[in-house]
Amino acid sequence: MKRDVLWWLGFVWSLPNTAVGYLFALALARSCPKATSAYWPYPRVAICRDGSVLQRCWMSMRILGASCGAVVVVRDGDSFTERTLKHESRHTAQSFVFGPFFGPAYVLAGLWAVIVRGENFYYANAFEIDARRAAERP
Ligand SMILES: [Zn+2]
């Protein structure tokens with residue numbers, strides 16, 4: 001019960017992020033509807049190779065997944081793993097804690113990694129490290 005309340009509070013708190021995520025997911029999904037499946041509240045959008053410019057751009061960047069609020073978008077096919085979904089779901093949990101400040105906090109964590117620690121913006125980002133650890137848990 002308490003967990004459900006916390007989940008809904010986080011969901012509402014990160015609603016601005018989720019709205020942006022849905023717009024992005026819809027943009028991806030519209031051009032390749034047969035490759036799309038949605039599971040509320042974590043819609044999973046499969047990306048196909050012959051889709052829109054946006055999808056081809058996504059494919060060329062070799063991004064396995066992304067999340068924005070409660071929306072998780074993953075690349076389907078051989079590269080899709082449960083680990084990717086767990087990683088992205090952890091970003092959703094982070095977004096539920098930081099709400100509309102998640103984006104700025106993520107950028108600040110990346111800048112901290114680069115400027116203070118002299119490391120990579122993405123790999124040394126505290127949010128990414130946390131998501132990788134969460135994805136490795138059984
Ligand atoms: Zn990540």
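Sparsely packed loop sites in the range 73-134 (the GluC sites (Glu not before Pro) outside DSSP H, G, I, E and B with at most 11 other Cβ atoms within 10 Å) do not occur. The simple spin-label model puts a point 7 Å past each Cα toward its Cβ; for Trp8 and Leu26 those points are separated by 2.5 nm.
What does the highest-first list of 107-117, 64-74, 13-23 look like by mean Cβ count within 10 Å?
64-74, 13-23, 107-117
Semi-axis lengths, largest first, of the ellipsoid equivalent to the range 67-126 are 23, 16, 8 Å, with √(5λ) applied to each eigenvalue of the Cα gyration tensor.
Read the figures in this text as sums done on the coordinates, not as results from a lab. Source: prediction; values computed, not measured. Cβ sites come from the backbone with ideal geometry, for glycine too, and all protein chains shown count toward neighbours.
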